[in-house]
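Encoded as structure tokens, the structure appears first; notes follow it.
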Amino acid sequence: MFLALAVLALTSSDPATVRGAYIVLQPTGTYVLVPLAVLSLTTGVISSLGTGWGLVQHYWVLIKLLITAVSTAVLVLYLQTFRLVAEAAANPATPLSAVRNASPALHSALALIVLLAATILAIYKPKGITGWGWRRRPTTS
């Protein structure tokens, strides 16, 4: 949905649609994307601690944790850009050419690629145990 709004804002020829889409991106990021990103990070940590995969025992879990944490941090930092774009769009004196911004569409597309990578890791679970995981393995005697 977010990518669709960003593309609509970038490509629409209707000034009201362009301005409205950019204005909607800011609260959507703040009140939908950020809570979902934090929830994803939280449930990922809880799930990994509650299963045999562990939080730091397998590389794929660590990579997913890193992907989710970095993505969440980038999103939170990017909220300032959403605010600035929404303010520009809300000001009728700002020319439409100054309102259009490819950044939300680009960042949304990149976020989808990152989400796809995390999903692939979760499905295929590539082999590889961390040093911590080797030490925690039960010894067979």
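The values are calculated or read from the model by the stated rules, or taken from the named source; none is laboratory data. All figures in this text were calculated on a predicted structure; none of them were measured in a lab. A quick note on method: Cβ atoms are made from the backbone with ideal geometry, for glycine too, and the neighbour counts reach across all protein chains shown. Just so you know, the surface numbers come from the protein's heavy atoms only, side chains and all, with ligands and any DNA or RNA stripped out. Shrake-Rupley method; radii C 1.70, N 1.55, O 1.52, S 1.80 Å.
A compact table of results
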quantity: The listed residue being more than 19 Å from L110 (Cβ to Cβ) and open to solvent by 50 Å² or more (accessible area, probe 1.4 Å), out of I23, I63; calculated: I23
quantity: Residue match in region 78-99 (condition: touching a residue at least 12 places away in the same chain (Cβ under 8 Å), farther than 24 Å from A4 by Cβ and part of a helix (DSSP H, G or I)); calculated: no
quantity: Per-region count, region 100-133, residues of a type outside the set (A, V, I, L, M, F, W, C), in contact with a Phe, Trp or Tyr (Cβ under 6 Å, 6 or more places away or on another chain) and in a helix (DSSP H, G or I); calculated: 1
quantity: Close pairs from region 43-54: first within 14 Å of A69 (Cβ to Cβ) and modelled with pLDDT of 85 or more, partner charged (D, E, K, R) and surrounded by 12 or more Cβ atoms within 10 Å (Cβ to Cβ), Cβ under 9 Å, at least 6 apart; calculated: G44/K64
quantity: Test: residue in region 50-58 that is assigned to a helix (DSSP H, G or I) and either crowded, with 17+ Cβ neighbours inside 10 Å or at positive phi (or both); calculated: no
